[in-house]
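What follows is a single structure, written as structure tokens, with notes after it.
The values are calculated or read from the model by the stated rules, or taken from the named source; none is laboratory data. Just so you know, these numbers come straight off a predicted model, no measurement behind them. Here the Cβ is made from the backbone with ideal geometry for all residues, glycine too, and neighbour counts use every protein chain on show. Just so you know, the surface numbers come from the protein's heavy atoms only, side chains and all, with ligands and any DNA or RNA stripped out. Shrake-Rupley method; radii C 1.70, N 1.55, O 1.52, S 1.80 Å.
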Amino acid sequence: RPGRFDHHAELGRPPLAQIQHMISRVLPGDTKLEELALEFAGQTPAEIDAQLRSARSTARRAGGSFDAAWVLAHLPAATPQTNARQRRIALHESGHAIAAPLLRAVPVSQMILATDGGQTVRGSAMHEGLLTEFEDEMTILLAGRAAERLTLGTISAGAGGDDGSDLQLATQLLLSCDRQAGLGIHGNSWLGKTDMSRLTQHNQDRLRVKLDKMERRALRLLEPHR
């Protein structure tokens, strides 16, 4: 509501410069700070702090010298499965990041690759509330899934999940367009928010067909930039 609670600040995952600054406070003057920061990329400050504390304790018990080289040597080794998953996440996020400027959803200010998924921080395609802008935003949301299909030939569950996932946001956007914005099949009517558990089979089928269309559009958009 307007007033003292209308400003929201989100603390996302820190970029490399902030990670390196965090490490420098623990290991001042170390020559491998940049290399270690890259290893911690995509993690939260709490996760990074916990690993540094654990490494310090391990070094103390082993009688070793606690420095960036020690931490790097004792980080868990990446497995082929981990590398494959991170590559898929990176391709997925690249799909969002390429589609966004093509459909005027800029700036793309940050791309995050984390152990539990990825994130592309960008602007919105919604400028005037037009039907085409709703469709552009849905296309960008499904561009990550399309990028996986385009480059790897398969899709993962990365676009799904809880509130805030690509599929959830795209679904809610389409329902909002139809039921609340007066731009969909119900014309000049306001039907309120949808109870997903009471959605009719006809509406479920329409959602699927429409979002499939948006993913195919994203695929065509990304193809020249493969």
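The table below lists the values:
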{"read-out": "Surface share of carbon and sulfur [accessible, 1.4 angstrom probe, percent] for the chain", "value": "52 percent"}
{"read-out": "All Cα pairs of the range 129-226, percent lying beyond 20 Å", "value": "38 percent"}
{"read-out": "The range 80-155: relative contact order in percent, alpha carbon pairs under 8 Å with at least 6 residues between", "value": "34 percent"}
{"read-out": "Total formal charge among the other residues, if their Cβ is under 11 angstrom from that of T120, Lys/Arg +1 and Asp/Glu -1", "value": "-1"}
{"read-out": "Estimated FRET transfer efficiency (H186, R104; beta-carbon r; R0 25 Å; 0.05)", "value": "0.40"}
{"read-out": "Residue-span extension gain [H225 to R53] - 0.36 nm each, minus C-alpha spacing", "value": "57.6 nm"}
{"read-out": "Residue-by-residue Karplus 3J(HN,Hα) for the range 180-191, coefficients 6.51, -1.76, 1.60, Hz, glycine and proline x", "value": "10, 8, x, 10, x, 5, 8, x, 7, 8, 10, 9"}
{"read-out": "Gyration tensor (Cα) of the chain, equivalent ellipsoid semi-axes in angstrom", "value": "41, 20, 16"}
{"read-out": "Whole-Å distance, taken between Cα centres, linking the range 16-95 and the range 143-200", "value": "36 Å"}
{"read-out": "Principal-axis tilt of helix 80-102 within the chain, Cα atoms, nearest 10 degrees", "value": "50 degrees"}
{"read-out": "Phi-based couplings in Hz for the range 45-56 (Karplus 6.51, -1.76, 1.60; Gly and Pro marked x)", "value": "x, 5, 5, 5, 4, 5, 5, 5, 5, 5, 5, 4"}
{"read-out": "Computed magnitude of the charge dipole of the range 52-118 (debye, nearest 20; Cβ of K, R +1, Cβ of D, E -1)", "value": "180 debye"}
{"read-out": "Computed [θ] at 222 nm, helices only, for the chain once each DSSP H run of length n ≥ 4 contributes -39500 (n - 2.57)", "value": "-17500 deg cm²/dmol"}
{"read-out": "Surface accessible to a 1.4 Å probe, per residue, for the residues of the chain, Å²", "value": "61 Å²"}
{"read-out": "Cα gyration tensor category, rounded, prolate or oblate, for the range 68-114 with a/c compared to 1.5", "value": "oblate"}
